[in-house]
Structures are given as structure tokens and as C-alpha cells.
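Read through the structure below, which is laid out as C-alpha cells, and then see the notes.
Rule-based calculations on the coordinates, nothing more; no lab input. Since the model is a prediction, treat every value here as computed from it, not as a measurement.
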Amino acid sequence: MTESPTASDLPSDRTPPAVAVVDAQSPGNVGTIARAMKNFGFDELLLVDPPDLDPDGEAYGFAGHARADVLPNATKLSFDELATKYHTIGCTAVTNEDDRSHIRFPFSTPAQLAERLPTVEAPTALVFGRERVGLTNDELARIDEICSIPANAAYPVLNLGQAATITLYELRPLTLEAEETQLPDLERVRASEATLERLYGQWGSLLEELNHPEEKRPKTMRMLRRVYGRADLTEREANTFLGLLRRATERPDVR
């Protein structure tokens, strides 16, 4: 664990933000947060009054691959240093509903932060508090802005590790390009019009073979075109349906 950075050591880029954990009681939660950081492309972990992080203990056990870089490279600093050197965003479950109190109002959701943080001209830090009480009002009073996860009003309180994971997931556009995730290219290639017309023609043949009432066939075909149009069938999907319909047309009485 390194010591607190000097001003010249602070990151020059506006994003991604650092992740700060204040007075965590459980080493396992620190490890869970480090793992979520690794999952979503964050690498700067700041710890205020952390528990003992034994390399053979819970923190490293819960950290997954983050045990190799994020966790051992965490920076220990005081809350004063955190509030002074970073643009801080306090994460809390409980907010005020209006502007009568300025401690927890106004606030942003993680999704809103993802859109706005690239415009913040300063090193930023997401600040998560203790497992039981989160961040105190005195700490929130020193923080620049508030973030809260939309949740059930009857029970909005999340586990520390859960809250950090959800927030970092929402902020992943700050750290990961689409091609850097494990998801494949999501662009669907729609089947050609020629294939779709063959599919519709085969439907027409099946309706005829089944003696579907002739006066109802145009309306049925319009419905099928709308259904397939919304589905944006790929070439393979359309050809699969085409093959099934062809077999059904050729053998309508087979059970």
C-alpha cells in the first residue's frame, strides 16, 4: 500500500475517477470493491482508515484478479487529503427530497454521472462509506456532490460492495470502449428482402395447403409481415423458418 500522493502525482485526466472507501470494517468488502473496479476498468483505489489487508486474508481472497494490481497498489490517505485533493462524489442511499438541506441535496444517479463526469476539469473520486452507517453528515458536508442509486423507497440501503459494483457498472463508459468488453458485436444483420419474400411466399403456400379461409389470408399475411418486420430476422433465422414452413407445406397431414 502506497502513501498519499502529492499534487504532482495526481492524475491529469478528468476520467476515470478514483474509488475511495472510508473506514470500511470488513476486509472482504474492500476486496469486493477492488474486484468490481477490475471488472469495469477502474484502477485507482483510495483507502481512508482501512482495516488490515492481509495478503492471505479476506480482502485478497475476495478481490479475484484485482489482487495482482488494484488492491496492492491502493493508496492510504486521510479524509482531509481526499476532500482537498479530489473532486469528491459521496455515494449514499438516503437523500433529501428537496433543497431545504444542502448536505444531501442535490444528487445524481450513477447513470447521470456517467454523462456529466467527462466535463469535470479535476481529478475525481467516488467516495463510499462504512458498512453500517455509510458517510456521516459531517463527511458529506465536505464532499462536492452526492450520488445515489435509485432503489425501493421502502428499503434503499445496499451492501457496501453491492453499491460500489452497481455504481462502477453504470460508470463503465468512462473506462471501457465497447470493443474492450467481452460482449461480441451486437449489430444484427437483417435478412435480405429476397429471403424474406421467399419466407412470406412459403407462408402463403402453407395457408393455401391448410385451407385457411381465402378471405382471411391477406389479413393474416399482413400480420405475419408486421411480426417478422419487428423481429428483424437474420439470414439464418429466416432460412430456418423457411425450411420448417416448406416441410410443413409438403406434409400437412403427417402427425
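The Rg/Rh ratio of the range 193-250, with both radii computed over alpha carbons and Rh defined as the Kirkwood radius, is 0.96.
Could you tell me the center-to-center distance, by alpha carbons, between the range 44-81 and the range 210-253 in angstrom? If we compute the Cα centre of each part, the gap is 59 Å.
The equivalent ellipsoid that matches the C-alpha gyration tensor of the range 107-157 spans semi-axes of 21, 16, 8 angstrom, in descending order.
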